[in-house]
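Colleague: This is the structure I want to talk about, given as structure tokens.
Where a number appears in this text, it was derived from the coordinates with a stated rule and is not lab data. Quick caveat, the model's predicted, so the values are computed rather than measured. Using ideal geometry, Cβ is built from the backbone for each residue, glycine included, and neighbour counts are taken over all protein chains shown.
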Amino acid sequence: MMHLTVLGGCGAWPVPDQPCSGYLVESEGFRLLVDPGYATFPALQEYATAEQIDAVLVTHGHPDHCADLNPLLRARALTDEPPAPLPVHALPGALDAVLALDRPGMLRDAFTLREFRGGDRFEIGPFRVDTRLLPHFVPNAGLRLTAGGTSLAYTGDTGPSPELTALAREADLLLSEATYVDQVPRADAEFLLSARSAGEYAEAAGAARLLLTHLWPGTDPSAALGAAARAFAGPIEVARRGLVAQTPAAVSPSSDGLHD
């Protein structure tokens with residue numbers, strides 16, 4: 001079984017009640033932090049301390065997906081009894097900017113960088129991680145996490161690609177970026193998705209459930225839900241801070257449920 005807690009799901013920059021992309025994924029007591037974007041570290045501390053995170057996995061190097069790696073590492077490095085180095089998994093060069101924010105060597109002992117390439121398969125604790133390179137403004141790895149016979153597919157940020165269908169094939173949950181509602185502006189069309197297209201990919205892949213994330217700040221969640229529902233017949237929800245879901249399908253009462 002996997003347990004997913006949404007720390008935030010806002011695209012581009014955080015708003016008062018919604019950090020940027022960040023997800024705590026747990027299985028067998030192992031805590032994996034996926035995409036620690038802007039303002040996710042304060043939200044994370046409602047569920048776990050910095051020392052209790054077992055590994056970090058980052059899809060790409062945009063700051064709304066990785067900026068809060070810095071305070072997480074500071075909190076581990078600057079404590080009186082620093083924990084063991086934190087395994088941090090990312091594409092080559094994706095974290096160069098965020099890891100350079102402090103003076104050279106300050107965080108050196110706080111983490112171990114483990115770079116992977118799109119298409120790689122590897123293990124993180126109880127999770128098998130399958131990756132696919134997906135189109136974005138910078139290199140972006142779509143992720144499929146499998147543990148205990150259940151699967152979570154996550155797009156990171158991506159434009160249209162047949163790889164998305166393969167990534168999400170019969171996944172228990174597809175966590176898909178949906179920056180726009182119905183139509184992506186021409187300038188972004190190769191690199192971002194709409195809620196409608198996220199629904200189309202979920203339907204084509206036979207995913208059990210769809211969780212929309214990375215909505216542009218100010219987007220009406222009900223509009224995104226409606227657009228996705230025109231393409232996907234299964235349960236759909238919008239990622240928001242505090243939503244908790246499990247695979248196989250179960251949602252905590254605090255999340256208000258996944259809506260058909």
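Colleague: Would you mind ranking Tyr38, Tyr201, Tyr47 by Cβ crowding within 10 Å, fewest neighbours first?
Modeller: The most exposed by this proxy come first: Tyr47, Tyr38, Tyr201.
Colleague: Rounded to the nearest 0.05, what FRET efficiency is calculated for Arg117 and Phe30 with R0 set to 35 Å and r the Cβ-Cβ distance? Display every interim value, and only then the final one.
Modeller: Values: r = 24 Å, r/R0 = 0.67.
Efficiency for this residue pair is about 0.90.
Colleague: A further question on this structure: Taking 7 Å along the Cα-to-C-beta vector as the label spot, tell me the Val15-Trp216 distance in nanometres, rounded to one decimal.
Modeller: With each label placed 7 Å out from Cα toward Cβ, I get 1.2 nm.
Colleague: Considering the zone a paramagnetic label at Ala84 would reach in this model (a point 7 Å from Cα along the Cα-to-Cβ line), which residues of the stretch 1-37 have amide N under 11 Å from it?
Modeller: Hits in the stretch 1-37 for Ala84 at 11 Å: none.
Colleague: Of the DSSP beta bridges with both residues in the chain, give the percent that are antiparallel, rounding to the nearest 5.
Modeller: Within the chain, antiparallel bridges account for around 60 percent of the total.
Colleague: State the label only: which of [x] 61, 52, 39; [y] 74, 48, 27; [z] 53, 39, 36 corresponds to Cα extents along the principal axes in Å computed from the shown model?
Modeller: [z]
Colleague: While we're looking at this one, here's another question. Between Arg169 and Arg128, what is the label-to-label distance in nm when each label sits 7 Å out along the Cα-to-Cβ direction?
Modeller: The two pseudo-label positions are separated by 1.3 nm.
Colleague: From Cα pairs below 8 angstrom and at least 6 apart in sequence, can you work out the relative contact order of the stretch 2-254, rounded to a whole percent? Don't skip to the end; give the middle numbers.
Modeller: Details: 645 pairs, mean separation 45.9, N = 253.
Contact order relative to length: 18 percent.
Colleague: By how many nm would the segment from His3 to Arg186 grow when fully extended, if each residue of separation counts as 0.36 nm and the alpha-carbon distance is taken off?
Modeller: 62.2 nm
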